Amino acid sequence: MLKKRELQDSQALYDLMVHPDVFPFVRQKAYSYEEFLFLTKQTIEAEERGELISRTILDEWGSPIGTINLFDIQENAGFLGTWLGKPFHGKGYNQPAKDAFFAELFFELGIETIFMRVRKVNQRSLMAVQKLPYVTLANETRKSLLDELNANGDIYNLFEVSKDLYTLHTMRVGHISEEEHLKEA
């Protein structure tokens, strides 16, 4: 489902990223394949320096279909950035990618908080975020951060995923799965 970023996936990812339904919402925009290749190389190097964490999202056949990233890492916290190619919207890839990435971030890499800034005009992302039971709206609790993000106008809502809330969610889901399994037995 996820793998570390590799240059060999750049052409497939670039072709998906430039779709007009995807491109406006991508943080690391590239206006040519060569620029995307350069950005991917920079991303790989930045991860080696501990500045971000980036993974390629794969479909069930191992083909690249998007990326999921944690940017601006400071004090065990960072900002999530995710995009999927248009042919994969609404196909059920977003949630498993987030689950795999969050598990790696929280349980393997020592991240404590994931922030998500979502443009108020991006209805698709707002709806996706609001479906996640472990996400809290942080517009009031992290007001100074929200004000910093919205310095140029009221553009974003701020959401937060804490390691504690995510851990409780995974424990609850695991517990429910075990109960359902016992009922079936």
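Here is the figure for region 59-77: residues that are touching a Ser or Thr at 6+ places or on another chain (Cβ under 9 Å) and either within 20 Å of residue 107 (Cβ to Cβ) or not hydroxyl-bearing (Ser, Thr, Tyr) (or both) total 10. Checking each residue in region 13-52 for being assigned to a loop (DSSP other than H, G, I, E, B) and open to solvent by 70 Å² or more (accessible area, probe 1.4 Å) picks out 20, 21, 27, 31, 49, 51. For region 17-43, a residue qualifies if it is within 20 Å of residue 114 (Cα to Cα) and not aromatic (Phe, Trp, Tyr), and the qualifying residues are 26, 27, 28, 43.
Just checking, how many residues over region 100-146 are in a helix (DSSP H, G or I), closer than 16 Å to residue 166 by Cβ, among the charged types (D, E, K, R) and touching a Phe, Trp or Tyr at 6+ places or on another chain (Cβ under 9 Å)? Matching residues across region 100-146 total 0.
For residue 109, the criteria (1) modelled with pLDDT of 95 or more; (2) open to solvent by less than 20 Å² (accessible area, probe 1.4 Å); (3) aliphatic (A, V, I, L, M) hold in every case but one, which is (2). Here residue 80 meets each of (1) of a type in the set (A, V, I, L, M); (2) touching a helix residue (DSSP H, G or I) at 6+ places or on another chain (Cβ under 6 Å); (3) under 20 Å from residue 135 (Cα atoms) with one exception, condition (2).
Only residues that are exposed (fewer than 12 other Cβ atoms within 10 Å of the Cβ) and either at pLDDT 95 or above or within 20 Å of residue 70 (Cα to Cα) (or both) were counted in region 152-174, giving 0. If only residues of region 55-78 that are surrounded by fewer than 20 Cβ atoms within 10 Å (Cβ to Cβ) and part of a strand (DSSP E or B) are counted, the one that is nearest to the chain's Cα centre (by Cα) is 71.
Condition test on residue 124, is it open to solvent by 60 Å² or more (accessible area, probe 1.4 Å) and in contact with a helix residue (DSSP H, G or I) (Cβ under 9 Å, 6 or more places away or on another chain)? When the stated conditions are applied, residue 124 passes them.
The values are calculated or read from the model by the stated rules, or taken from the named source; none is laboratory data. It should be emphasised that the depicted structure is a prediction, and the values quoted were computed from it without experimental measurement. Positions of Cβ are backbone-derived with ideal geometry, glycine not excepted, and every protein chain shown enters the neighbour counts. Heavy atoms of the whole protein, side chains included, go into the accessibility calculation; ligands, DNA and RNA do not. Shrake-Rupley method; radii C 1.70, N 1.55, O 1.52, S 1.80 Å.
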